[in-house]
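**Q** This is the structure I have questions about; it appears just below.
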Amino acid sequence: MSVMRTFQVADMTIHRIVEMEMPLLPALDMLPGLTPELLAENRAWLQPHALTASDELILCFQSYVVRTPHHTILLDTCIGNDKDRPRPSWNHKTDTVYMDQLAALGLRVEDIDYVMCSHFHADHVGWNTRLLDGRYVPTFPNARYVFAAEELAAWEAKHSLAPVVPFADSVLPVIEAGQADIVSATHQLGDHLRLQPTPGHTEGHVAVALGRTGTEAVFTGDLIHSPLQARYPELSPRFDVDPAQAALTRRAFLERYCDTQTLCCTAHFPSPSIGRITRWGDGFRCDPV
């Protein structure tokens with residue numbers, strides 16, 4: 001099936017770079033608040049695109065490239081190659097999927113002006129760096145990497161207590177190379193992009209809003225993972241650092257963009273991953289475009 005991966009929004013272009021799309025975890029394991037009864041009630045509309053026959057949630061792992069009139073910006077950098085990761089399908093990958101898709105857009109690593117990370121989990125920072133001569137160096141040599149200060153501080157504190165491998169191999173080398181811009185959670189980049197604080201999944205998690213005169217599109221990062229959470233925003237995954245705060249953030253975000261023309265560009269919804277938020281009872285849905 002052919003899935004649209006390029007969207008024109010006002011004077012900007014959005015491209016999806018899909019590194020992987022796969023079942024991740026059983027729904028009842030990933031979402032502790034989900035009951036077998038509630039899952040059964042929603043199984044019909046979730047399958048087969050968002051839920052497997054064995055009730056595993058299907059997630060997409062992807063980046064977005066945004067081309068504005070001024071800059072080429074990479075939002076989150078997926079899983080990456082040559083990294084020590086506990087998940088077998090992520091561990092020491094050597095495939096060319098990601099770089100091939102970048103090249104298909106006519107882009108070299110030298111062409112990226114900014115890299116923006118919603119947070120520092122392994123599947124959002126992996127291509128920040130690449131292995132070169134036995135050490136990790138920034139993948140995008142001409143880019144400024146935009147990191148939210150609160151997110152950075154939280155991971156520095158964790159790393160000081162016990163080594164955090166993705167932080168060590170995909171964030172610290174960028175800082176050591178002098179390519180990091182440490183900014184507030186409301187930072188604005190030019191006249192087209194601005195950060196929005198969306199805490200809960202991690203302490204300093206941010207979404208990214210796109211648009212010169214209004215919000216034409218918004219990139220969720222991990223404030224939401226599955227369409228099931230749109231219908232039930234109070235369902236937080238077990239890897240949210242503050243599940244209660246994450247639920248509040250998620251509902252507020254969905255309310256903010258509900259019934260607007262803003263494109264919601266999710267990090268992990270199954271393809272096509274991009275839609276518009278509409279109301280569904282006491283919850284919401286993301287209608288694909």
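The values are calculated or read from the model by the stated rules, or taken from the named source; none is laboratory data. Quick caveat, the model's predicted, so the values are computed rather than measured. Because the Cβ atoms are built from the backbone with ideal geometry, glycine has one as well, and the counts that use them run over all protein chains shown.
**Q** Output yes when any residue across segment 269-289 is at pLDDT below 95 and assigned to a strand (DSSP E or B), and no when none is.
**A** Looking for residues that are at pLDDT below 95 and assigned to a strand (DSSP E or B), one finds at least one in segment 269-289, hence yes.
**Q** A further question on this structure: Confirm whether Ser89 is farther than 22 Å from His192 by Cα and of a type in the set (Ser, Thr, Tyr).
**A** Working: farther than 22 Å from His192 by Cα: yes; of a type in the set (Ser, Thr, Tyr): yes.
In short, yes.
**Q** Would segment 190-206 turn up any residue that is in contact with a Gly (Cβ under 8 Å, 6 or more places away or on another chain), in a strand (DSSP E or B) and in contact (Cβ under 8 Å) with a residue 60 or more places away in the chain?
**A** yes
**Q** For segment 62-86, enumerate the residues that are among the basic types (Lys, Arg) and either over 22 Å from Phe167 (Cα atoms) or touching a strand residue (DSSP E or B) at 6+ places or on another chain (Cβ under 9 Å) (or both). If you could, list the steps in order and put the result at the bottom.
**A** Just the residues of segment 62-86 that are among the basic types (Lys, Arg), to begin with: 67, 83, 85.
Matches in segment 62-86: Arg67, Lys83.
**Q** Follow-up. Of all the residues that make up segment 102-135, how many are touching a helix residue (DSSP H, G or I) at 6+ places or on another chain (Cβ under 9 Å), within 24 Å of Leu195 (Cα to Cα) and not in a helix (DSSP H, G or I)?
**A** 8
**Q** In segment 213-255, which residue that is touching a helix residue (DSSP H, G or I) at 6+ places or on another chain (Cβ under 9 Å) and of a type in the set (Lys, Arg) is surrounded by the fewest Cβ atoms within 10 Å (Cβ to Cβ)?
**A** Looking at the filtered set, the residue picked out is Arg238.
**Q** Among the candidates Arg5, Arg43, single out the residue that is surrounded by 17 or more Cβ atoms within 10 Å (Cβ to Cβ), of a type in the set (Lys, Arg) and either modelled with pLDDT under 95 or at negative phi (or both).
**A** Step by step, each of Arg5, Arg43 is checked, and only Arg5 is surrounded by 17 or more Cβ atoms within 10 Å (Cβ to Cβ), of a type in the set (Lys, Arg) and either modelled with pLDDT under 95 or at negative phi (or both).
**Q** Would you call Ala154 of a type outside the set (Phe, Trp, Tyr), farther than 26 Å from Ile14 by Cβ, buried (at least 18 other Cβ atoms within 10 Å of the Cβ) and modelled with pLDDT of 95 or more?
**A** yes
**Q** Return the total of residues in segment 167-189 being more than 22 Å from Thr72 (Cβ to Cβ) and in a loop (DSSP other than H, G, I, E, B).
**A** Of the residues in segment 167-189, 3 are more than 22 Å from Thr72 (Cβ to Cβ) and in a loop (DSSP other than H, G, I, E, B).
**Q** Taking the conditions exactly as written (in a loop (DSSP other than H, G, I, E, B), in contact (Cβ under 8 Å) with a residue 60 or more places away in the chain and at negative phi), does Thr94 satisfy them or not? First the steps, then the outcome.
**A** On the way: in a loop (DSSP other than H, G, I, E, B): yes; in contact (Cβ under 8 Å) with a residue 60 or more places away in the chain: no; at negative phi: yes.
Spelling it out, it is not the case that Thr94 is in a loop (DSSP other than H, G, I, E, B), in contact (Cβ under 8 Å) with a residue 60 or more places away in the chain and at negative phi.
**Q** For Pro48, all conditions in the list (1) over 24 Å from Glu216 (Cα atoms); (2) surrounded by fewer than 17 Cβ atoms within 10 Å (Cβ to Cβ); (3) under 21 Å from the mean Cα position of the chain (by Cα); (4) free of Cβ contacts under 8 Å to residues at least 12 places away in the same chain hold save one; what is the number of the exception?
**A** For Pro48, the failing item is (3).
**Q** Next up: Name the residues in segment 209-227 that are assigned to a loop (DSSP other than H, G, I, E, B) and within 22 Å of Asp240 (Cα to Cα), would you?
**A** Result: Thr220, Gly221, Asp222, Leu223, Ile224, His225, Ser226.
**Q** Under 6 Å between Cβ atoms, which residue pairs at least 6 apart in sequence (or on different chains) link something in segment 213-224 that is touching a residue at least 60 places away in the same chain (Cβ under 8 Å) with a partner that is surrounded by fewer than 24 Cβ atoms within 10 Å (Cβ to Cβ) and among the basic types (Lys, Arg)?
**A** From residues that are touching a residue at least 60 places away in the same chain (Cβ under 8 Å), there are no pairs.
**Q** If you check every pair at least six apart or on different chains, which have Cβ atoms under 7 Å apart with a residue in segment 123-149 that is among the polar types (S, T, N, Q) first and a residue that is in a strand (DSSP E or B) and surrounded by 23 or more Cβ atoms within 10 Å (Cβ to Cβ) second?
**A** Asn128/Val115; Asn128/Pro138; Asn128/Tyr145; Thr129/Pro138; Thr139/Thr129
**Q** Which one is farthest from the chain's Cα centre (by Cα) among residues in segment 109-160 that are within 13 Å of Asp82 (Cα to Cα) and of a type in the set (Phe, Trp, Tyr)?
**A** Among those residues, the one meeting the criterion is Tyr136.
**Q** State whether the residues of segment 228-245 include one that is over 30 Å from Phe140 (Cβ atoms) and in contact with a Phe, Trp or Tyr (Cβ under 6 Å, 6 or more places away or on another chain). Before you say what the answer is, go through the steps one by one.
**A** To start, the set of residues in segment 228-245 that are over 30 Å from Phe140 (Cβ atoms) comprises 228-236, 238, 242-245.
Those left that are additionally in contact with a Phe, Trp or Tyr (Cβ under 6 Å, 6 or more places away or on another chain): 230-231.
Yes, some residue in segment 228-245 is over 30 Å from Phe140 (Cβ atoms) and in contact with a Phe, Trp or Tyr (Cβ under 6 Å, 6 or more places away or on another chain).
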